[in-house]
Amino acid sequence: MQNLHIDQQNVRTTPQWPSVELSHWIQNGSANLTLDTASGLPITRSIHPRRLDTTYITSLRSGWFDYPAQEVADNSIAAWSFKSAGLIAKMLGIDNIVLVGNAPVSTNIWTEWNMLDVPLLCQQIESSHKKHFIGVRNLQTDKHSALIETLKSQRFYAIPARIVYEFDFRKKLDKKHSHLQRDRSVLKRSGLQVNVLTSISMAQASQLRDLYQAIYIDKHSSLNAQYTSQFFADMLSFKVMTALVLQDADGNIVSFAMLYAVDDTLTVPALGYDPKYPINSLYRQLFAAITFHAQENRMLLNYSSGAGDFKRKRGGVARLEYTLLKAPKTWHSVRSSILSLLQRHGQGMRETDLIAWGA
């Protein structure tokens, strides 16, 4: 792995998001993106008309109902159940929502300092958006219990949302996982060069967008964020992220991962690879390079949701994420009763329950 180059200036930082129109970055956002002037926290507010393929990053209906309906499309009864539940959620107004601390990425990372601003900010937004649900994504009971309890005291409800997988490279690994070791061996033998880029051209940004599109959108779901080339260019130019790339002997980028580091936590908001490239293990090699980067920099890698079996075999630890949600002033009792029911139903839920359902 001697070809890995690390820009130490981009390690253990808390990037500041620039203020731009969300549509410049995500084609299917159906939301406005603003930054709170006091805290710097990003906020997304839904706008209408809503696209049918609105990304789950800005829409709970897309994430909780539309996306699962696609995943179980072969099971007509299950798909119908998710779609029906989504229609009920739509009638209850879930499409009118403000998500606090919601950057245009799948996984928001909370720090001690930015969590302190959330309760007051939620109160301020509630007073000015009385017809909107207010939500806070990506909270875990082991890391964010104080914030969860504070929001509950403000009549938010904790709704189980998804399973994410973490790899803790901040300390020496207790066990070397054979699948991960094999992935790293495959990468070493491939001859591909691993580099971490802090700047790219617009042509390279377009290439990253095409590789991302081939996997996330064309192969998986249009409900993933449909990132533009400008997104990839801006993430590096504004130093919000870096890009880990795998390049062949001619310098062509055949695989990449966007690296978003907040304090000692690393997430991968977007990745992609060339499905037509002769080497058919690019995803495994990319994962090996990402974990090597996290290990070298002693970081906690939050590798988001999906591909659970793949991640568990490589040492990923499942964590249950919650979305804290508060009903708007209108129809408050009805909507709050439903959220309360969902919270009670989810109180006994464990990671193993969602894993058994395929998470």
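Assorted remarks:
- Residue ID - nearest to Tyr56 (Cα to Cα), chosen from residues in the stretch 173-224 that are basic (Lys, Arg) and under 26 Å from the mean Cα position of the chain (by Cα): Lys219
- Taking first residues from the stretch 341-355 that are more than 17 Å from Ala318 (Cα to Cα) and outside the structural domain of Ile148 (by TED's automatic domain parsing) and partners that are at pLDDT 80 or above and of a type in the set (D, E, K, R), no Cβ contact under 7 Å between residues at least 6 apart in sequence or on separate chains turns up.
- Residue under evaluation Thr111, criteria (1) out of contact with any strand residue (DSSP E or B) (no Cβ under 7 Å at 6 or more places or on another chain); (2) surrounded by fewer than 18 Cβ atoms within 10 Å (Cβ to Cβ); (3) under 22 Å from Thr267 (Cβ atoms), criterion not met: (1)
- Residues that are hydrophobic (A, V, I, L, M, F, W, C), closer than 16 Å to Thr267 by Cβ, in contact (Cβ under 8 Å) with a residue 40 or more places away in the chain and not in a loop (DSSP other than H, G, I, E, B), drawn from the stretch 233-255: Ala243, Leu244
- Lone qualifier among Leu173, Leu116 - being hydrophobic (A, V, I, L, M, F, W, C), surrounded by fewer than 17 Cβ atoms within 10 Å (Cβ to Cβ), farther than 23 Å from Trp64 by Cα and not assigned by TED's automatic domain parsing to the domain that holds Leu339: Leu173
- Residue match in the stretch 302-323 (condition: among the β-branched types (Val, Ile, Thr) and farther than 17 Å from Val164 by Cα): no
- Applying the criterion of being loosely packed, with under 14 Cβ neighbours inside 10 Å and either touching a helix residue (DSSP H, G or I) at 6+ places or on another chain (Cβ under 7 Å) or not in a helix (DSSP H, G or I) (or both) to the residues of the stretch 8-17, the residue that is modelled with the highest pLDDT is Gln16.
- Residue within the stretch 53-70 that is in a loop (DSSP other than H, G, I, E, B), on the phi < 0 side of the Ramachandran plot and at pLDDT below 95 present: no
- Unmet criterion (only one of (1) touching a residue at least 24 places away in the same chain (Cβ under 8 Å); (2) within 22 Å of His293 (Cβ to Cβ); (3) not hydroxyl-bearing (Ser, Thr, Tyr)) for Gln230: (2)
- Once the stretch 316-359 is narrowed to residues that are surrounded by 12 or more Cβ atoms within 10 Å (Cβ to Cβ) and among the basic types (Lys, Arg), the residue that is farthest from Leu151 (Cα to Cα) is Arg319.
- Counting only strands (runs of 3 or more DSSP E) that fall entirely inside the stretch 103-216 and contain at least 3 residues that are in contact with a Lys or Arg (Cβ under 9 Å, 6 or more places away or on another chain), closer than 26 Å to Leu33 by Cα and at pLDDT 95 or above, the qualifying elements are 133-139, 157-168.
- Subset tally (residues that are among the aromatic types (Phe, Trp, Tyr) and surrounded by fewer than 16 Cβ atoms within 10 Å (Cβ to Cβ)) for the stretch 194-253: 1
- Condition met for Ser106 (over 29 Å from Trp331 (Cβ atoms), out of contact with any strand residue (DSSP E or B) (no Cβ under 7 Å at 6 or more places or on another chain) and touching a residue at least 60 places away in the same chain (Cβ under 8 Å)): yes
The values are calculated or read from the model by the stated rules, or taken from the named source; none is laboratory data. This one's a predicted model, so the numbers in the text were calculated from it and none came from an experiment. Neighbour counts run over all protein chains shown; Cβ positions are idealised from the backbone, glycine included.
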